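S.K.: Below is the structure I would like to discuss, written out as structure tokens.
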Amino acid sequence: MGKIIFYEDRNFQGHSYECGGECSDLHAHFRRCNSIKVESGNWMVYERPSYMGYQYFLKEGEFSDYQRWMGFNDCVRSCRMIPQHQGSHRMRIFERSEFGGQMTELTDDCPNLYERFHYNDIYSCNVMEGSWLLYEHPNYRGRQYLLTPGEYRRYNEWGSMSARVGSIRHIDM
């Protein structure tokens, strides 16, 4: 069981809301979010309701203002705990939609997709084991996208507006 606490003001001040699971609309609980404490579990928080908009990966720790979790603003409207996974991680990435074109299988992190594979556009992927984060830029920077086991036939299915991926990291417990 996970636990995350949202605070309206910086440095864990102001109105707070404690959450222990998935919540598709946090708007009823607070107006803005300027700090977060993750007491247990790995979490994705989303800028908009229904797990839409910017995504931010948070693991156990304290984030005294939204810039500490790489947030663009103080808007958090939904969250979900990332399922725990023990064992190996495995995903296949494809250079075309619908699993077309060249396929590459990953079992470990990739800090720079272009340097390793000489391309950085991923149009579809199949996550076979574990949860993964795709980052817009190399070295785990920029927008983040959570991928859990399943098929993603097009990049918009993981919430991206572009096929551009700079780095990929698996999520440990």
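The values are calculated or read from the model by the stated rules, or taken from the named source; none is laboratory data. Fair warning: this is a prediction, and the values are worked out from it, not measured in the lab. Please note: Cβ atoms are built from the backbone with ideal geometry, for glycine as well, and neighbour counts cover all protein chains shown. To get the accessible areas, we keep the full protein, side chains included, count just its heavy atoms, and leave off ligands, DNA and RNA. Shrake-Rupley method; radii C 1.70, N 1.55, O 1.52, S 1.80 Å.
S.K.: With θ set to phi - 60°, apply the Karplus curve 6.51 cos²θ - 1.76 cosθ + 1.60 along segment 120-135 and write out the HN-Hα couplings as whole Hz, x wherever there is a Gly or Pro.
M.R.: So the Karplus estimates, Gly and Pro as x, are 9, 10, 10, 9, 7, 7, 10, 8, 8, 9, x, 10, 10, 10, 9, 10 Hz.
S.K.: If a/c stays under 1.5 just call it rounded; otherwise compare a/b with b/c (prolate if a/b is bigger, oblate if not). Do that for segment 77-173, with a ≥ b ≥ c from the square roots of the Cα gyration tensor eigenvalues.
M.R.: Rounded, because the longest to shortest axis ratio a/c is under 1.5.
S.K.: For segment 58-73, what does the Karplus curve 6.51 cos²θ - 1.76 cosθ + 1.60, with θ = phi - 60°, yield as ³J(HN,Hα) per residue in whole Hz, taken in order and with x for Gly and Pro?
M.R.: Each residue's phi maps through the Karplus curve to give 10, 10, 3, x, 10, 10, 6, 7, 5, 5, 5, 9, 6, x, 8, 7 Hz.
S.K.: Pop a pseudo-label 7 angstrom from the Cα along the beta-carbon direction at both residue 73 and residue 112 and give the gap in nm to one decimal.
M.R.: That separation, rounded to one decimal, is 3.4 nm.
S.K.: In Å², and per residue, what accessible area does the chain have when probed at 1.4 Å with the other protein chains present?
M.R.: 51 Å²
S.K.: Right, here's the next one. Within segment 1-81, report the GluC sites (Glu not before Pro) that DSSP leaves as loop and that have at most 13 other Cβ atoms within 10 Å. Kindly include the intermediate steps, with their values, before the conclusion.
M.R.: Numbers: sites: 8, 18, 22, 39, 47, 60, 62; in loops: 22, 60.
For GluC sites (Glu not before Pro) across segment 1-81 that sit outside H, G, I, E and B with at most 13 neighbouring Cβ atoms in 10 Å, the list reads 22.
S.K.: Related question: From the backbone phi of segment 15-28, what are the Karplus-calculated ³J(HN,Hα) couplings (6.51 cos²θ - 1.76 cosθ + 1.60, θ = phi - 60°) in whole Hz, Gly and Pro given as x?
M.R.: 4, 10, 9, 9, 10, x, x, 5, 9, 7, 8, 8, 4, 5
S.K.: Based on DSSP H runs of at least 4 residues, each adding -39500 (n - 2.57), what is the mean residue ellipticity at 222 nm of the chain after dividing by all its residues, to the nearest 500 deg cm²/dmol?
M.R.: -500 deg cm²/dmol
S.K.: Using a 1.4 Å probe over the heavy atoms of the protein chains, calculate the carbon and sulfur portion of the accessible area of the chain as a whole percent. Before the final figure, lay out each step's value.
M.R.: Values: 3750 of 8830 Å².
Its accessible area is 42 percent carbon and sulfur atoms.
S.K.: A further question follows. Please identify every one of the trypsin sites (Lys or Arg not before Pro) in segment 30-120 that sits in a loop by DSSP and has no more than 15 other beta carbons within 10 Å of its own beta carbon. Present the calculation step by step, with values, prior to reporting the outcome.
M.R.: On the way: sites: 31, 32, 37, 59, 68, 77, 80, 90, 92, 96, 116; in loops: 31, 32, 59, 77.
For trypsin sites (Lys or Arg not before Pro) across segment 30-120 that sit outside H, G, I, E and B with at most 15 neighbouring Cβ atoms in 10 Å, the list reads 31, 32, 59.
S.K.: Taking the Cα centre of the chain as the origin and placing charges on Cβ (Lys, Arg +1; Asp, Glu -1), which of 127, 140, 163 is farthest toward the positive end of the dipole?
M.R.: 163
S.K.: Same structure again: Restrict the search to segment 39-87; then list the chymotrypsin sites (Phe, Trp or Tyr not before Pro) that DSSP places in a loop and that have at most 15 other Cβ atoms within 10 Å of their Cβ. Don't jump to the answer; show the numbers that get you there.
M.R.: Numbers: sites: 43, 46, 51, 54, 56, 57, 63, 66, 69, 72; in loops: 72.
Filter output for segment 39-87: 72.
S.K.: May I ask for the net charge around residue 142, where only other residues with Cβ less than 14 Å from the Cβ of residue 142 are counted and Lys, Arg are +1 while Asp, Glu are -1?
M.R.: +3
S.K.: Summing Lys, Arg as +1 and Asp, Glu as -1, what charge do residues with Cβ under 11 Å from the Cβ of residue 10 carry, residue 10 excluded?
M.R.: That sum, taken over residues with Cβ under 11 Å, equals -2.
S.K.: Between 52, 103, 91, which gets the highest mean-square fluctuation from a Gaussian network model of the chain, Cα cutoff 10 Å?
M.R.: Comparing 52, 103, 91 in a Gaussian network model of the chain, the most mobile one is 103.
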